[in-house]
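The values are calculated or read from the model by the stated rules, or taken from the named source; none is laboratory data. The structure presented is a predicted model; accordingly, all values stated were derived computationally and were not measured. Neighbour counts are summed over all protein chains in view; Cβ atoms, including those assigned to glycine, are modelled from backbone coordinates with ideal geometry. Each accessible area value is taken on the protein alone, full model and side chains, heavy atoms only, with ligands, DNA and RNA left out. Shrake-Rupley method; radii C 1.70, N 1.55, O 1.52, S 1.80 Å.
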Amino acid sequence: MVSTTLHHHPPRSLSRFLSCSTKSRSFHSKPTQCSSQPITDQPPSSTSSPPQSQILSIRHSLLSRHVTATQLAESYLTRLKLTEPHLKSFLHVSDQVLNEAQSLDLQIERNENIGPLAGVLVGVKDNICTMDMPSTAGSKVLENYRPPFDATAVKRFKESGAIVVGKTNLDEFGMGSTTEASAFQVTANPWDVSRVPGGSSGGSAAAVSAGQCVVSLGSDTGGSVRQPASFCGVVGLKPTYGRVSRYGLMAYASSLDVIGCFGSSVADAGILLTAISGYDRLDATSSKRAVPDYTSQFISTELLDSKPLKGLKIGLIRETLGNGVDIGIKSAVLGAVSHLEELGCTLSEVSLPSFSLGLPAYYILASSESSSNLSRYDGVRYGNQATADELNALYGDSRATGFGPEVKMRILMGTYGLSAGYYDAYYKRAQQVRTLIQKSFKNALDEYDILISPAAPSAAYKIGEKKNDPLAMYAGDIMTVNVNLAGLPALVLPCGFVEGGAAGLPVGLQMIGAAFDEEKLLRVGHIFEQTLQGCRFIPPLIADCNAT
């Protein structure tokens, strides 16, 4: 049995990593880019200013009558039209965006109250159900499926005034790390269109990065919000399991799946989380805990003192900076460590001995659950039906033609792991490892306020580079899967760059908190983001669009 003993080291132990980091901490020196955001009445920010909340800016613009919702919608749709041929972020773009924006303008003219997300265009990952709009999970088996209902998360942000701009691309049923496993198209990274945006929520991350929408929803089973956020240079927030209703989310691994948020700032991700969180009687796993007002954590930089995070104890997970992590990633993360220390945090290295066991345990558990969950797509209960003369042939042909190779492989893996004679050797042991991981994180978070790590062991890699090497692709999830196994919240935000592409490739810092402590993550992330100097995470594709 693996020990769950927590090993603490004083702050000076970080020198082991600092000494091996040969590259400069580029977040202090990376050239800035111009703003990517569509029109509002806000004055253009300086190139060194931190990211501002687009949601709050839009609300101010609408209420001050300087800009209409229709103008804002047209601005985003224009950018989407310009960039979509390069990126392929969306599987479907709604034809009702302008109609909904015009209805909002009429409400404002009549001085009616508008919701906190009024006029905000939201991209929705295509495994989250949207009424009268295609919801395919990136799979041929659900091609042309239009649900008769909205997922609870979608229903809630619509009630807050937001507009669905469209459905974003993903790896089929959320099974993948690059968005190459979509049955319909391959999404590109706005920082370098020859590279992947990450996955499985690559379309949602790329859409926010490229300014095609204000914020977006994704799902996170083993890192599918956080890794794409890192690759695309945006903020990705995975809530605590149970904080957001899963009703309307097409199940992959039900004990791990979480709906998460993407934004261009921590504030936007937090505001969206506020809108979609809370108990839902349609999801038995949703929590009845009261939802705090996350916006209260977003303090203006003018009100911060010189050490705004003084007294905060942060643990850097030792196992996340070892072999297999690119040196540029280590450099950027250690630069973020220095910045956190400048803000007053006490940083120490912490060891989670069971951390390396998370990856194999995750793939056994997730594949096993997917084997069960995807059995419903048989051409009779759900899914497109193949033509066959006999019932078993109908089942087999519907699944054979409907599912892609990655989904088939995971179903086979999961069925094998659950089969007689192998259950104890695989599934049961993986559940035991999950318990060890949960205890390990609990012990660490009893000692530290927040744990940090890279969000991924590398920056975005080339399209096709790992498609034929699934084990190498799976290994890229090592930083994120443990958080899902433990059911904890995590926030990823840009912290630096590595070399690659025309303007460098973004690197994400992962912050992990105790269960239902999203408030602390958002507060720390917001202060970190607002005090990071001389760095704007605007991809070159958008700068080029602005120039034209």
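Filtered by the rule that a residue be open to solvent by 40 Å² or more (accessible area, probe 1.4 Å) and not in a helix (DSSP H, G or I), the range 416-449 gives ALA420, GLY421, TYR422, TYR423, ASP449.
Applying the condition of being in contact (Cβ under 8 Å) with a residue 24 or more places away in the chain and open to solvent by 10 Å² or more (accessible area, probe 1.4 Å) to the range 105-126 and asking which residue is nearest to LEU273 (Cα to Cα) yields PRO116. Any residue at all in the range 180-190 that is open to solvent by 10 Å² or more (accessible area, probe 1.4 Å), touching a Lys or Arg at 6+ places or on another chain (Cβ under 8 Å) and under 19 Å from LEU249 (Cβ atoms)? Checked against the condition, which is being open to solvent by 10 Å² or more (accessible area, probe 1.4 Å), touching a Lys or Arg at 6+ places or on another chain (Cβ under 8 Å) and under 19 Å from LEU249 (Cβ atoms), the range 180-190 yields at least one hit.
Of everything in the range 274-286 that is among the β-branched types (Val, Ile, Thr) and within 21 Å of SER216 (Cα to Cα), the residue that is surrounded by the most Cβ atoms within 10 Å (Cβ to Cβ) is ILE276. Does the range 326-361 hold any residues that are open to solvent by 20 Å² or more (accessible area, probe 1.4 Å) and either farther than 20 Å from ILE450 by Cβ or more than 24 Å from the chain's Cα centre (by Cα) (or both), and which are they? Within the range 326-361, ASP326, ILE327, SER338, GLU341, GLU342, THR346, PRO353, SER356, LEU357, LEU359, PRO360 qualify. So GLN52 clears everything in (1) open to solvent by 70 Å² or more (accessible area, probe 1.4 Å); (2) in a helix (DSSP H, G or I); (3) more than 11 Å from GLY119 (Cα to Cα) except one condition, right? Which one? It fails just one condition, (2). When PRO134 is tested against (1) in a loop (DSSP other than H, G, I, E, B); (2) under 17 Å from LEU217 (Cα atoms); (3) out of contact with any Leu (no Cβ under 9 Å at 6 or more places or on another chain); (4) open to solvent by less than 60 Å² (accessible area, probe 1.4 Å), just one condition goes unmet, and that condition is (3). Being outside any strand (DSSP E or B) and modelled with pLDDT of 95 or more is a description that applies to ILE527.
Tally time: how many residues in the range 287-299 are hydroxyl-bearing (Ser, Thr, Tyr) and open to solvent by less than 50 Å² (accessible area, probe 1.4 Å)? Looking only at that region, the number is 2.
Residues checked against (1) at pLDDT 95 or above; (2) at positive phi; (3) not basic (Lys, Arg):
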residue: GLY211; (1), (2), (3): yes, yes, yes
residue: GLY223; (1), (2), (3): yes, yes, yes
residue: SER230; (1), (2), (3): yes, no, yes
residue: GLY233; (1), (2), (3): yes, yes, yes
residue: ILE271; (1), (2), (3): yes, no, yes
residue: LYS313; (1), (2), (3): yes, no, no
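Yes or no: GLN71 assigned to a loop (DSSP other than H, G, I, E, B) and either at pLDDT 95 or above or open to solvent by 40 Å² or more (accessible area, probe 1.4 Å) (or both)?
Working: assigned to a loop (DSSP other than H, G, I, E, B): no; either at pLDDT 95 or above or open to solvent by 40 Å² or more (accessible area, probe 1.4 Å) (or both): yes.
Against the criterion (assigned to a loop (DSSP other than H, G, I, E, B) and either at pLDDT 95 or above or open to solvent by 40 Å² or more (accessible area, probe 1.4 Å) (or both)), GLN71 does not qualify.
Remark: ARG146 falls outside the filter, which requires a residue to be farther than 30 Å from SER182 by Cα, at pLDDT 95 or above, among the basic types (Lys, Arg) and surrounded by fewer than 20 Cβ atoms within 10 Å (Cβ to Cβ).
Can we say LEU509 is closer than 17 Å to THR221 by Cα and crowded, with 22+ Cβ neighbours inside 10 Å? When the stated conditions are applied, LEU509 does not pass them. The residues in the range 375-407 that are surrounded by 19 or more Cβ atoms within 10 Å (Cβ to Cβ) and either touching a helix residue (DSSP H, G or I) at 6+ places or on another chain (Cβ under 6 Å) or part of a loop (DSSP other than H, G, I, E, B) (or both) can be counted, and the count is 7. Within the range 178-185, is there a residue that is among the β-branched types (Val, Ile, Thr) and under 15 Å from the mean Cα position of the chain (by Cα)? Yes; the residues of the range 178-185 include at least one that is among the β-branched types (Val, Ile, Thr) and under 15 Å from the mean Cα position of the chain (by Cα).
Condition check ((1) in contact with a Pro (Cβ under 6 Å, 6 or more places away or on another chain); (2) basic (Lys, Arg); (3) open to solvent by less than 10 Å² (accessible area, probe 1.4 Å)) across all residues:
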{"site": "MET479", "(1), (2), (3)": "yes, no, yes"}
{"site": "GLY487", "(1), (2), (3)": "no, no, no"}
{"site": "ALA490", "(1), (2), (3)": "no, no, yes"}
{"site": "PRO494", "(1), (2), (3)": "yes, no, no"}
{"site": "ALA515", "(1), (2), (3)": "no, no, no"}
{"site": "LEU522", "(1), (2), (3)": "no, no, yes"}
{"site": "PRO540", "(1), (2), (3)": "no, no, no"}
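Against the condition modelled with pLDDT of 95 or more and closer than 22 Å to ILE478 by Cα, how does VAL193 come out, does it pass? No: the conditions fail for VAL193.
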